[in-house]
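Shown next, in structure tokens, is the structure this report addresses.
The values are calculated or read from the model by the stated rules, or taken from the named source; none is laboratory data. Quick caveat: nothing in here was measured; it's all calculated off a predicted structure. Because the Cβ atoms are built from the backbone with ideal geometry, glycine has one as well, and the counts that use them run over all protein chains shown. Heads up: the accessible areas ignore ligands, DNA and RNA and are worked out on the full protein's heavy atoms, side chains in. Shrake-Rupley method; radii C 1.70, N 1.55, O 1.52, S 1.80 Å.
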Amino acid sequence: MRQFDVPTFYQSPIISTVKDARETTDPRKKDLSPSVIDFGPVRFKIARHFGFCFGVEQAIEIAYEALEENPDKRIFLLSEMIHNPHVNEDLRERGIQFLRTTSGEQLIPFEELTPDDVVIIPAFGTTLEVEQRLEELGVDTESYDTTCPFVEKVWRKSSQIGDDDYSIIVHGKRYHEETRATFSHAKEEGPVVVVRDMEEAEQLAAVIRGEKDTDFFYDYFDDKYSEGFDPATDLRRLGVVNQTTMLAEETAAIADLMREAMIDRYGESDVEEHFADTSDTLCYATNENQSATKALIEDGADVGIIVGGYNSSNTSHLVELCEEYMPTFFVRDAEQFDAPTEIRHFDVHDQTEVNSENWFPADDTPVDVLLTSGASCPDALLDEVVRKIVSWYPDAKPVEEALAPFEETADDEDA
């Protein structure tokens, strides 16, 4: 796979050593067992897959190229490039201005742009309407387009099934940037409706089976369907695509539910006429990270720490996976805690920051810490978490000693 030029300050001595060793011993990425960094009184179990994915690394490389190649021009990001505050703040400090918030609120009017300005399209992509508006103003929307290739893959699949007269069901969060973009592209090719989760999918399945009527559909899915959507005709043939950061297993379950609803309505012999197979739209990185987190959970730990931006969808799903099995804390970085006694972390259900006391079982040595991060989180932030927690143990092994097994593994393979 292509290697991207990611700034060195996003990389990390500890995590990079672990990743390099795993890459050496498992280049095909088939072994999902966690890596264990043993400091003696505290051990960190690191997920096999986590951190910057292909699409994020591509976006970061393009954004920093834009800065380097246009020192005398105004540079704008359409919105947050990725959902990580550290990355976005660094870009701001380097002079990049943000045109919109992640929810679509305008910060700088498009009318203030000129053809000489540089505009970076974020990794989530953008809507056709925004793209058209920028082009009307003479703004180049192609040179620094960081849209993730896997998001574009979803758009292509949406186009394909729309061209084949299927309606498009998008599994996603309706106002997430990526889903807004996918909705915009998909509705050009066919009728679209967005479902957030299995609960909403069950309601849509009830409409497909004829158990609930058109009025129910319009009320329940208000603002989640494309203009002119008619459930009486537009739910006869459909395919499911997803916001790439959603839980892959939930997307698969929703697709299965839609297929079963079609069988209930039209019979199994005709199901292929009514349901399109779209399983190939799942993002490999999202899938890998979620599978690695499940393997991490199965290995067991006393406490889980998930690092990432609070508005990161893929990170929040890792939190949801872990919190079913152990006390789990979602933090932006190591500054969210100073001691085992108190931590400030994010509640993904209430969407608020909360304080928890006596969160870390420091006296129950050795403590096993599950540690992973979302696809938009720099590895350097995990380094800081490791170093801070290790500092609570005066008798902990030095970092160099704890990392020695990983360095020896890499050296043995090189020999």
Using amide H atoms built in the peptide plane, which far-off residues or other-chain residues are under 5 Å from PHE330 H to H?
ILE306, PHE346
Once you order the gyration tensor axes a ≥ b ≥ c over the Cα atoms, which shape class does the stretch 310-415 get: rounded for a/c under 1.5, otherwise prolate or oblate by comparing a/b with b/c?
oblate
Can you give the angle from 0 to 90° between the axis of helix 177-186 and the longest principal axis of the chain, with both taken from C-alpha atoms, to the nearest 10?
30
How charged is the neighbourhood of VAL271? Take every other residue with its Cβ under 14 Å from the Cβ of VAL271, and add Lys/Arg as +1 and Asp/Glu as -1.
-3
Starting from the amide H of HIS176, placed 1.01 Å from N in the peptide plane, find each other amide H under 5 Å away whose residue is 5 or more places distant or on another chain.
none
Mind grabbing the accessible area of LEU247 for me, 1.4 Å probe, Å², rounded to tens?
20
Which percentage, to the nearest 5, of the DSSP beta bridges contained in the stretch 221-345 is antiparallel?
25
Efficiency of FRET between ASP197 and ASP338 - r from beta-carbon atoms, R0 30 angstrom, step 0.05:
0.25
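Provide the FRET efficiency to the nearest 0.05 for the THR233-ARG133 pair, computing r from the beta carbons and using R0 = 45 Å.
FRET efficiency, THR233 to ARG133: 0.90.
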Which of the GluC sites (Glu not before Pro) across the stretch 63-95 are loop residues per DSSP, with 16 or fewer other Cβ within 10 Å?
none
For a quick check of understanding: with a 1.4 angstrom probe and all protein chains in place, what accessible area in square angstrom does VAL36 have, to the nearest ten?
60
For the stretch 99-114, in residue order, the Karplus 3J(HN,Hα) values (coefficients 6.51, -1.76, 1.60; θ = phi - 60°; whole Hz; Gly and Pro = x) are 7, 9, 7, 5, 8, x, 6, 6, 9, 10, x, 4, 4, 7, 7, 10
Quick one: which residues, 5 or more positions from GLU342 or on another chain, have an amide H under 5 Å from its amide H? H modelled 1.01 Å from N in the peptide plane, none for Pro or chain starts.
ASN358, TRP359
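Mind checking the per residue accessible area of the chain for me, 1.4 Å probe, whole number of Å²?
Per-residue accessible area for the chain comes out at 44 Å².
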Can you bin the stretch 221-265 into rounded, prolate or oblate? Criterion: square roots of the alpha carbon gyration tensor eigenvalues sorted a ≥ b ≥ c, rounded for a/c under 1.5, prolate for a/b above b/c, oblate for the rest.
oblate
With ALA375 itself left out, Lys, Arg at +1 and Asp, Glu at -1 over residues whose Cβ is under 11 Å from its Cβ give -2
Rounded to whole Å, give me the distance from the Cα center of the stretch 107-131 to that of the stretch 162-216.
27
Longest principal axis of the chain (C-alpha) makes with the long axis of helix 399-414 (C-alpha) an angle, in degrees to the nearest 10, of 70
Nearest-10 value in Å² for the accessible area of PHE98, using the 1.4 Å probe
20
Of the beta bridges DSSP finds with both residues in the chain, what % are antiparallel, to the nearest 5?
30
With x for Gly and Pro, the residue-by-residue ³J(HN,Hα) of the stretch 246-257, computed from phi through the Karplus equation 6.51 cos²θ - 1.76 cosθ + 1.60 at θ = phi - 60° and given in whole Hz, is 6, 5, 4, 5, 6, 4, 4, 5, 5, 4, 4, 5
At 7 Å along the Cα-to-beta-carbon direction for both GLN11 and ARG28, put a label point, then send me their distance in nm to one decimal.
2.8
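By the scheme Lys and Arg +1, Asp and Glu -1, what is the net charge of all other residues having a beta-carbon under 11 Å from that of SER167?
On the way: positive: LYS187, ARG236, ARG237; negative: ASP164, ASP165, GLU189, ASP230, ASP234.
Here the charged neighbours net out to -2.
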What pairs from LYS29/LYS388; LYS45/LYS157; LYS19/LYS294; LYS173/LYS212; LYS157/LYS224 go past 27 Å between their alpha carbons?
LYS29/LYS388; LYS45/LYS157
Along the Cα→Cβ direction, 7 angstrom out, place labels at SER356 and GLU142. What is the inter-label distance in nm?
5.0
For the chain, with all protein chains present and a 1.4 Å probe, just round the carbon and sulfur fraction of the accessible area to a whole percent.
43
According to a simple spin-label model (label point 7 Å from Cα along Cα-to-Cβ), what is the distance in nm between LYS73 and ARG387?
3.7
Accessible-area ranking of THR409, THR278, largest first, probe 1.4 Å
THR409, THR278
Would you calculate, for the chain, the mean residue ellipticity at 222 nm contributed by helices, counting each DSSP H stretch of 4 or more residues as -39,500 (n - 2.57) and dividing by all residues, to the nearest 500?
-13000 deg cm²/dmol
